[in-house]
Amino acid sequence: MQIGNTARVGHVFALALVLTGCATTQATDPLDPWEDWNRGMQSFNDGVDDYVMKPVARGYRWITPDFVDTGVSNFFSNIGDIRVFINDALQGKFAQGASDGARLLVNTTAGIGGLFDVASSIDLPKHKEDFDQTLGVWGVPTGPYLVLPLLGPSSPRGVLGVVGDAALNPISYTGVYFASSAVSTAVSAGLGAVNAADLRADNLETEKVASEAALDRYAFFRGAYFSQRNYLVHDGNVPHEDVLDLEELDEKLSPVTPY
């Protein structure tokens, strides 16, 4: 599922702030029975982010030319399209799977290993599918909110999704490509570190806006997590019980006068 509507994303963000303000006065959310653990783990993750990931991301951005940064992002995005293609098939999205398979082939060949996103220029758009979405399509419930060490917002179904996605990532099998286990570990860790730095650098501004605008940062990210998962699993056809119900979005925002 590709999310390309900037206006809708902006509306979702605004509605999240409205609902977050209400969340601070409500009783314990039944979807968050482990709130004490989750808040503590979010504080831990925030500390790691402040003292490790943000400095690394800023340094990465400072030393990396824009064209190199774009190439690195494209490379890892192309690897991710392997996972997308397989999950298309698992979800029965065969037409989208054909498009994503063609995208993977074009970018791997004409795009020189994925360094260039040639496919988007010939109307083969990027989609977002993962094993968590596949489990949701199969009817597996999300379960309670769970903040994981270093990985952040998740759920019991999300944990299974992470395991499934790791199994579909070629980087997980670097040991097959190198005779030395030390070399394979170094290559795998190095690629993972570069990917993490690249992703964090690409999201510096987004995270800053969310942190500064939310009344309760924890509640904001919790609501955003459930809403994003519901949105992706249902391909944008958000059910009524969604935390950030997009069908009520315009009604809730209409009284707000822009400054």
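A short reminder: the numbers here are calculations on the coordinates, not readings from a lab. What you are looking at is a predicted structure, and each value in this text was computed from that prediction instead of being measured. Ideal geometry is used to build each Cβ from the backbone, glycine not excepted, and the neighbour counts take in all protein chains shown.
The gain in end-to-end length when the VAL48 to ILE171 segment is fully stretched comes to 41.9 nm, 0.36 nm per residue minus the alpha carbon separation. Over the stretch 65-178, the Kirkwood radius and the radius of gyration, each from Cα atoms, give a ratio Rg/Rh of 1.01.
Size estimate for the stretch 50-93 follows the Kirkwood approach: the inverse of mean 1/r over distinct Cα pairs works out to 12.5 Å.
Neighbours of PRO33 by Cβ distance under 15 Å: Lys/Arg scored +1, Asp/Glu scored -1, total -2. Please find the FRET efficiency linking LEU199 to ALA95, where r is the Cβ-Cβ separation and R0 is fixed at 25 Å, and quote it to the nearest 0.05. That gives a FRET efficiency of 0.30. Here is the result for the stretch 76-134: no chymotrypsin sites (Phe, Trp or Tyr not before Pro) lie in DSSP coil with at most 11 other C-beta atoms within 10 angstrom of their C-beta.
Computed over neighbours whose Cβ is under 14 Å from that of GLN133, the net charge equals -2, Lys and Arg +1, Asp and Glu -1.
Find how much the distance from ILE112 to ASP235 grows on full extension, using 0.36 nm per residue of separation minus their present alpha carbon separation; answer in nm with one decimal. The span from ILE112 to ASP235 would gain 41.2 nm if fully extended.
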